[in-house]
Amino acid sequence: MNHPIAATAHQRRLFAETLTRLAAKVADDERTIGVEFPQLTAPDGSWVTLPASLSAGYRGEAWSHGNWFCGFWVGLLCASWLQTEDRKYLGWMRERMHLVAQRAGDPNTHDIGFIFDSSAIPAFHVTGDSWYADLALQAAGRLRARIVNTQAGSYLASWGPMSDARARCSSAIDTMANLPLLYWASRHSGDGSFALAADAHAQMTAKGFIRPDLSTYHAVEYDIATGERVRGYTFQGFADESAWSRGQGWAIYGYVVSARETGKLEYLELAEKLAGYYVRRLDGRKIPPYDFDATGEDAKILDTAAGAVVASALIELGRIHPDASAARRWSTVGCEMLENLCREAFASEDSHRGALKHSCYSRPHREGVDSATMFGDFFFTEALCRVVQPGRLRPETSALA
Ligand code: GLY
């Protein structure tokens with residue numbers, strides 16, 4: 001299916017203007033950030049930057065996710081080129097990709113999906129240069145190698161060296177949004193084992209992560225022999241049993257893409273149920289709280305990144321849904337969410353870098369609470385492009401009839 005996006009004329013104008021303003025901010029930043037990459041904004045609105053070379057790994061007992069933000073910046077450069085047709089963005093995109101490329105062999109993290117799906121794949125789609133595709137394929141091979149086979153099914157371990165027992169049993173809901181790299185690699189190379197790994201992970205996550213009320217665990221520890229869930233818990237949410245809004249967003253996003261790529265209606269239905277839960281808990285608010293179950297002062301903390309991930313997923317759900325009226329409904333909801341982000345959270349002041357204010361990277365770690373975050377900015381940009389530049393940032397595929 002390929003339904004038109006149900007955006008109103010005024011939404012289309014707003015989204016195009018926002019993308020143009022974003023491209024201007026990205027160009028200003030390119031001239032000042034040097035060789036590092038934006039991660040999130042500090043309380044004064046300036047970017048905190050990290051080198052692309054910062055890989056994931058244990059430092060003693062403590063796990064560091066490394067720089068999983070760097071690819072998103074390349075995606076923003078790519079979208080800025082599409083919006084402005086100013087070739088300077090293509091030059092920057094290539095230079096930045098040379099810096100990101102060193103991560104294509106990182107064996108320690110599922111985030112390799114985020115890094116290369118947001119950078120090399122759009123860059124290849126836009127330029128046709130096979131260098132980008134080769135990098136994405138190399139990264140997809142690393143992600144596929146994270147598969148763990150159990151009696152109950154197979155999943156991709158989310159973080160840590162595969163030689164480490166702590167790593168093999170770990171799975172995070174975020175991994176669902178890393179699957180697009182595998183589906184792309186399968187289509188591009190003709191090697192179905194990439195898609196098999198992604199599909200297996202989606203099946204296992206449906207069994208291990210989704211609670212009876214349709215909220216999701218952030219992380220699950222599996223028994224690596226039986227595949228049973230040993231425990232469900234959180235790193236970035238309010239509590240182990242709470243509903244972390246971005247985690248729900250990653251799940252919705254991952255099942256929309258899994259439905260689109262496999263053509264399986266069970267994934268489509270699951271994406272709709274998870275999205276139904278999200279919309280119910282949003283309860284008319286324009287921006288989601290970082291956790292739907294947070295209490296006290298924490299209940300006031302917002303996460304625009306969760307809103308951006310869900311908006312992008314729902315606009316895509318509206319494009320691919322086999323039923324025309326459901327398609328229109330999801331597309332309308334997604335566009336309304338995107339409009340709310342543009343109106344309530346776009347950082348129009350020069351002193352605040354990034355696109356979306358009021359994202360929350362991690363409340364428990366007190367990191368990037370009420371900031372712009374690179375992943376929030378990327379999924380916001382992707383959602384804008386789905387409406388303003390349809391099919392130009394990414395291929396518009398669908399296996400759903
Ligand atoms: N690790 C992905 C996230 O912060 O949502």
Under a Cβ-Cβ cut-off of 15 Å, what is the net charge of the residues other than Ser154 that fall near it, where Lys and Arg count +1 and Asp and Glu count -1? +2
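Return the Rg/Rh ratio of the range 266-362 with Cα-based radii and a Kirkwood Rh. Don't skip to the end; give the middle numbers.
Details: Rg = 14.4 Å, Rh = 14.2 Å.
Ratio of gyration radius to Kirkwood radius for the range 266-362: 1.01.
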Going toward the positive end of the dipole of the range 114-206, with +1 on Lys and Arg Cβ and -1 on Asp and Glu Cβ, which of Leu135, Ala177, Ala157 do you reach last? Ala157
Looks like the chain, by Cα gyration tensor root eigenvalues a ≥ b ≥ c and the a/c under 1.5 rounded cutoff (else prolate when a/b is bigger than b/c, oblate otherwise), is rounded
Cβ-based charge dipole, the range 1-142, positive-most Cα from Asn2, Phe116, Val100: Asn2
Please list 3J(HN,Hα) in residue order for the range 334-341, calculated via the Karplus relation 6.51 cos²θ - 1.76 cosθ + 1.60 where θ = phi - 60°; whole Hz, with x for glycine and proline. x, 5, 5, 4, 5, 4, 4, 5
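Between Val48 and Arg94, what FRET efficiency follows from the Cβ-Cβ distance if R0 is 22 Å, with the result rounded to 0.05? Don't jump to the answer; show the numbers that get you there.
Values: r = 25 Å, r/R0 = 1.12.
Efficiency for this residue pair is about 0.35.
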Just to check I understand the Karplus step: with θ = phi - 60° and J = 6.51 cos²θ - 1.76 cosθ + 1.60, what whole-Hz values come out for the range 146-158, glycine and proline as x? 8, 6, 10, 9, 10, 5, 8, x, 10, 9, 8, 5, 7
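To the nearest 0.05, how large is the calculated FRET efficiency for His10 and Gln138 if R₀ is 60 Å and r is the Cβ-Cβ distance? Spell out each step's value before the answer.
Numbers: r = 43 Å, r/R0 = 0.72.
It comes out at approximately 0.90.
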Check which residues have an amide H placed less than 5 Å from Tyr361's amide H, if you skip close sequence neighbours. Val369, Asp370, Ser371
Under a Cβ-only charge scheme (Lys and Arg +1, Asp and Glu -1), can you give me the dipole magnitude of the chain about the Cα centre, in debye to the nearest 20? 540 debye
If I model a spin label as a point 7 Å beyond the Cα along the Cα-Cβ vector, how far apart are those points for Ala399 and Asp164 in nm? 3.3 nm
Going 7 Å from the Cα of Leu196 toward and past its Cβ, which residues in the range 138-159 have a backbone nitrogen under 20 Å from where you end up? 138-157
Between the alpha-carbon centers of the range 214-272 and the range 54-98, tell me the distance in whole angstrom. 26 Å
For the chain: lysine pairs under 22 Å (alpha-carbon distance), excluding those fewer than 8 apart on one chain: 9
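Let me spell out the model: positive unit charges on the Cβ of Lys and Arg, negative unit charges on the Cβ of Asp and Glu, origin at the Cα centre of the range 149-211. What dipole size does that give, in debye rounded to 20?
Details: 5 positive and 4 negative charges, 37 e Å.
Using only the charged Cβ atoms, the result is roughly 180 debye.
When a footprinting reagent is the concern and you count Cβ atoms within 10 Å, what order do Ile115, Ile210, Ile320 take, fewest first?
Numbers: Ile115 28, Ile210 19, Ile320 24.
Fewest to most other Cβ atoms nearby, the residues stand as Ile210, Ile320, Ile115.
Once you charge only the Cβ atoms, +1 for Lys and Arg and -1 for Asp and Glu, what is the size of the charge dipole of the range 215-275 about its Cα centre, to the nearest 20 debye?
Working: 6 positive and 9 negative charges, 39 e Å.
Once rounded to the nearest 20, the dipole reads 180 debye.
By how many nm would the segment from Glu241 to Ser154 grow when fully extended, if each residue of separation counts as 0.36 nm and the alpha-carbon distance is taken off?
Details: separation 87, 0.36 × 87 = 31.32 nm, distance 2.40 nm.
Value of the extension gain: 28.9 nm.
Using a cut-off of 13 Å between beta-carbons, work out the net charge of the residues near Glu336 (Lys and Arg +1, Asp and Glu -1, Glu336 not included).
Values: positive: Arg285, Lys286, Arg328, Arg329, Arg343; negative: Glu339, Glu344.
With Lys, Arg at +1 and Asp, Glu at -1, the net is +3.
Using 0.36 nm per residue, how much length does the chain from Ser189 to Glu266 gain when fully extended, once their Cα-Cα distance is taken away?
Values: separation 77, 0.36 × 77 = 27.72 nm, distance 2.59 nm.
Extra length available between Ser189 and Glu266 comes to 25.1 nm.
Quick one: order Phe124, Phe379 by neighbouring beta-carbon count within 10 Å, fewest to most. Could you put the intermediate results ahead of the total?
Working: Phe124 22, Phe379 30.
Ranking Phe124, Phe379 by Cβ neighbours within 10 Å, fewest first, gives Phe124, Phe379.
DSSP loop trypsin sites (Lys or Arg not before Pro) in the range 1-45 with at most 14 other Cβ atoms within 10 Å of their Cβ, which ones?
On the way: sites: Arg12, Arg13, Arg21, Lys25, Arg31; in loops: Arg31.
Hits after loop and neighbour filter: Arg31.
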What ³J(HN,Hα) values, in whole Hz, does the Karplus curve 6.51 cos²θ - 1.76 cosθ + 1.60 give for the range 110-118 when θ = phi - 60°, with x put for Gly and Pro? 5, 4, 4, x, 4, 4, 9, 5, 8
Cα lying deepest toward the dipole's positive end in the chain, options Gly284, Ser245, His218, charges on Cβ: Gly284
In terms of modelled amide H atoms, which long-range or inter-chain residues lie less than 5 Å from the amide H of Leu302? Tyr290
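Bear in mind that the values in this text are calculations on the coordinates, not laboratory data. Fair warning: this is a prediction, and the values are worked out from it, not measured in the lab. Heads up, the Cβs are rebuilt from the backbone with ideal geometry, glycines too, and the neighbour counts pull from every protein chain shown.
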